[in-house]
1. Limited to segment 27-75, what total is found for residues that are within 13 Å of the chain's Cα centre (by Cα) and on the phi > 0 side of the Ramachandran plot?
2. I'm trying to understand the selection: among the residues of segment 47-78, which are within 11 Å of the ligand (Cβ to nearest atom) and closer than 19 Å to Lys309 by Cβ?
3. Looking at segment 267-291 only, could you name the residues that are surrounded by fewer than 17 Cβ atoms within 10 Å (Cβ to Cβ) and farther than 30 Å from Phe159 by Cα?
4. Would you check if there is a residue in segment 324-331 being assigned to a helix (DSSP H, G or I) and either among the charged types (D, E, K, R) or more than 30 Å from Ala226 (Cα to Cα) (or both)?
5. When you look at Asp327, is it touching a residue at least 40 places away in the same chain (Cβ under 8 Å), open to solvent by 40 Å² or more (accessible area, probe 1.4 Å), out of contact with any Asp or Glu (no Cβ under 7 Å at 6 or more places or on another chain) and acidic (Asp, Glu), yes or no?
6. Output yes when any residue across segment 144-157 is surrounded by fewer than 13 Cβ atoms within 10 Å (Cβ to Cβ) and β-branched (Val, Ile, Thr), and no when none is.
7. Has segment 4-13 got at least one residue that is farther than 23 Å from Leu306 by Cβ, free of Cβ contacts under 8 Å to residues at least 40 places away in the same chain and hydroxyl-bearing (Ser, Thr, Tyr)?
8. Within segment 361-370, is there a residue that is open to solvent by less than 70 Å² (accessible area, probe 1.4 Å) and in a loop (DSSP other than H, G, I, E, B)?
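The values are calculated or read from the model by the stated rules, or taken from the named source; none is laboratory data. Predicted, not measured: the structure shown is a model, and the values here were computed from it. Cβ: placed from backbone, ideal geometry, glycine included. Neighbour counts: every protein chain shown. To get the accessible areas, we keep the full protein, side chains included, count just its heavy atoms, and leave off ligands, DNA and RNA. Shrake-Rupley method; radii C 1.70, N 1.55, O 1.52, S 1.80 Å.
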Amino acid sequence: MTFILTTPLYYVNDKPHLGSTYTTIACDALARFKRLEGQQVIFITGVDEHGQKIQRTAKLHKRSPQDHCNVISKYYQELWLQWGVTNDRFIRTTQTKHKGVVEQFFRRVEDRGDIYMGHQKGWYCVGCEEYKDTEPNDKTPNCTIHQRELEWRDEENLFFRLSKYQQDIENLVKRDGFIEPSSRKNEVINFVKGGLKDFSISRVNVSWGIPVPGYPGHTFYVWFDALLGYLTALLDDGLDNDLNRLNSIGWPSATHIIGKDILRFHAVYWPAMLISAGLNVPNGLYGHGFLTREGQKMGKSLGNILDPKELLESYGSERIRWYLLRDIQFGQDGDFQQKRFIELVNNDLSNTIGNMLNRSVSMSRKWFQNCTPLLVENSIPDDYLSEMCIKTISTVRDKLDTMKFNEACESILNLARNANIYLNDKSPWKMIKDVNQLNDVSIVIYNVLETSRIIGILLKPILPELSGKILKQLIYNDDFADWQEHLKWGRLEQNVHLQEPIPIIPKL
Ligand code: MSP
């Protein structure tokens, strides 16, 4: 079955920061894992280019909205390439194909009787592109997220009959597995219980948007347009954009990975829109937490934004991937701390994993004529590490499947720690002094090398580059799509020439 995975479509008001990179990296790890598990994956990311926020930012930069979108979208595309992100599609909501999808979808919803003209009054945050529940007589309301004044709106808008789908949505949000992690579920259930209100899906004062067919002067509300980007991306397979094709190309087997800030749009508005249009709701949503920096929210006003491009240049993708996936419980908020980052990547990657490989390769070369050991037939087996590998493989697969990235990383790391302890306990450098123990030494070294190989393979979805380096040192071809066979114990070739080891990841 096809597995469709999406990141949010990021606003192009600014260049990406570490927050958007975090979501994208997590999705990338999951997409790589699913492919290794033999699934056909469609990994979608992209950008959300319409609306007042973008219109205003473009003006600030003295660019036309389209020029501005072109600049920032290109930046996103290049950045993901530099980070080695393996997205299959990149959707821009200014693509011509998307306009057709939005129009078709609107017609379906309108034919269902779910659109009507109404009057929208209220406080609006352009940063959130959202009406707030603030009291109308509040004199100076502020957006708590953007720390700036809300704007009063009083205008004619088209409305979507969300209230009609109260029961459907109530049932859906309670459904097992629809909202993950389950800790985020209650907040949505309570919101829905409070009663769903119809929401406006058009604007009359925003020219930078897709025109609503049949309603001159109205453009689509940016969220109505953006959510449909997921469908456009899926239909962007070289064929036409007919919504009737969706079921045959994998929909609704989709998981949307989003930040907790946009859960409501995805868990409530989006499924109701889909039901209204006669389409299936996606399989599930995962709302992850927010990244802070040294305990403070990252923001331009605080001047503490972490620029993913600079981070990549200073540290390389693998260290950052490791830190984000290994140290933060996906779903919870996480804090980026420079000191901890350096300690962690040095200890885990350079010391624990790097040294395990380095010393086992060095010893093998030294005692076995620059080769991997040749095991003597019928030697007494020592299953300690092989059994631990089997358990670790099963844990890692399970944890990755449920997006417990930190636990998967911890499990791999634990295997490496144990391989190092095993090596110390066995002390082959002492055994080798006795010629009668040469066979035992070959077993010990083979076991650690083979464990290193398995660690290299298990790291493939998490740290693809580092995994490649480990496997290269072990003369193991890592050019494979499905990892099942390669995770079997004993695939490391015996008596093959090993190159002199070089540290796979130098200490910072
Ligand atoms: N354009 C909408 C999404 C439309 S989806 C159809 C939007 N865009 S956004 O640029 O504001 O990006 C939101 C997403 O970026 C968040 O949901 C989250 O995934 C990610 N993050 C933005 N800041 C973040 C942090 N500080 N930490 C972690 N992720 C954050 O909302």
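1. Result for segment 27-75: 1.
2. If the condition is that a residue be within 11 Å of the ligand (Cβ to nearest atom) and closer than 19 Å to Lys309 by Cβ, then Val47, Ile72, Tyr76 are the ones that fit.
3. Across segment 267-291, the qualifying residue is only Phe290.
4. To start, the set of residues in segment 324-331 that are assigned to a helix (DSSP H, G or I) comprises 324-327.
Then keep just the ones that are either among the charged types (D, E, K, R) or more than 30 Å from Ala226 (Cα to Cα) (or both); that gives 326-327.
Yes: one or more hits.
5. Considered against the rule, which asks whether it is touching a residue at least 40 places away in the same chain (Cβ under 8 Å), open to solvent by 40 Å² or more (accessible area, probe 1.4 Å), out of contact with any Asp or Glu (no Cβ under 7 Å at 6 or more places or on another chain) and acidic (Asp, Glu), Asp327 comes out as yes.
6. Scanning segment 144-157, I find at least one residue that is surrounded by fewer than 13 Cβ atoms within 10 Å (Cβ to Cβ) and β-branched (Val, Ile, Thr), so the answer is yes.
7. no
8. Yes, segment 361-370 has at least one match.
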